[in-house]
Amino acid sequence: MSEKVSTRGSGAKKGAPKYANKFAYVHNKGSKKTQMILALPVDGLCRRCTDQIQWRKQYRKYKPLTTAKKCVSCQLKKVKKAYHILCDDCARAKKVCAKCQDDGKIIDDFNPKSILEAQKEDQELERRLANMRERERRSYRRKIERGDIKPSDVPDLGDDDSDLDFTGSEDESSDEEKLA
């Protein structure tokens, strides 16, 4: 049987694409799903599989799992990450890639922050931002989103605003001076 080759009608091979992309793909900044996908860790994989999953995330081709899959090794429904075929326990025990089962160099970029630590940091940031004026709050959120500052760099103003005096003593004194 002959092998099918991508050719034009005359049998000549195709050349370069007629129109190349002029700019890179840009994610929808306001999308909750995109933020969730980009936040998912990529760990326990070889370099090739890591690059593949990073590419999928970058170009919005990544589709997260909705339910756990069955591990091909232990046959339990423990695979919680998309495109993996081994659960984390089996992959660590066998020292292989959880996606392609290659026993080469495994990249262990396990996220040291747990979900609870991340929630605590978010609560701390919200507490710090709650003590600010709306304009300052939006400004700091923009800077964090752009990556100009870290959430830990947001100043803590505290609950009591002791440096602010709302008694109006300055206004009264200026009125008295005008009358005199």
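Points worth noting:
- Surface composition of region 2-89: carbon plus sulfur atoms hold 53% of the accessible area, using a 1.4 angstrom probe and ignoring ligands, DNA and RNA.
- Sequence-distant lysines (8 or more away, or on other chains) whose Cα lies within less than 23 Å of LYS94: LYS69, LYS70, LYS77, LYS78, LYS80, LYS81, LYS105
- With all pairs of different C-alpha atoms in the average, the Kirkwood value for the hydrodynamic radius of region 54-150 is 16.8 Å.
- Ordering of 14-21, 87-94, 126-133 by packing [mean C-beta count within 10 Å, highest first]: 87-94, 126-133, 14-21
- Phi-based couplings in Hz for region 65-73 (Karplus 6.51, -1.76, 1.60; Gly and Pro marked x): 6, 9, 10, 5, 9, 8, 6, 6, 8
- Taken along the Cα-to-beta-carbon direction at a fixed 7 Å, the label points for ALA20 and LYS120 span 5.0 nm.
- Summarising the amide proton neighbourhood of VAL79: residues at separation of 5 or more, or on other chains, whose placed amide H is nearer than 5 Å comprise LYS69, CYS71.
- For TYR62, the amide hydrogen comes within under 5 Å of the amide hydrogens of LYS57, counting only partners 5 or more places away or on other chains and with H modelled in the peptide plane.
- In order through region 19-30: 3J(HN,Hα) via Karplus (6.51 cos²θ - 1.76 cosθ + 1.60), integer Hz, x for Gly, Pro: 10, 8, 5, 8, 9, 6, 5, 10, 6, 6, 4, x
The values are calculated or read from the model by the stated rules, or taken from the named source; none is laboratory data. In this text, all values refer to a predicted model and were calculated from it rather than measured experimentally. We place every Cβ from the backbone using ideal geometry, glycine too, and count neighbours over all the protein chains shown. The accessibility values were calculated without ligands, DNA or RNA, using every heavy atom of the protein model including side chains. Shrake-Rupley method; radii C 1.70, N 1.55, O 1.52, S 1.80 Å.
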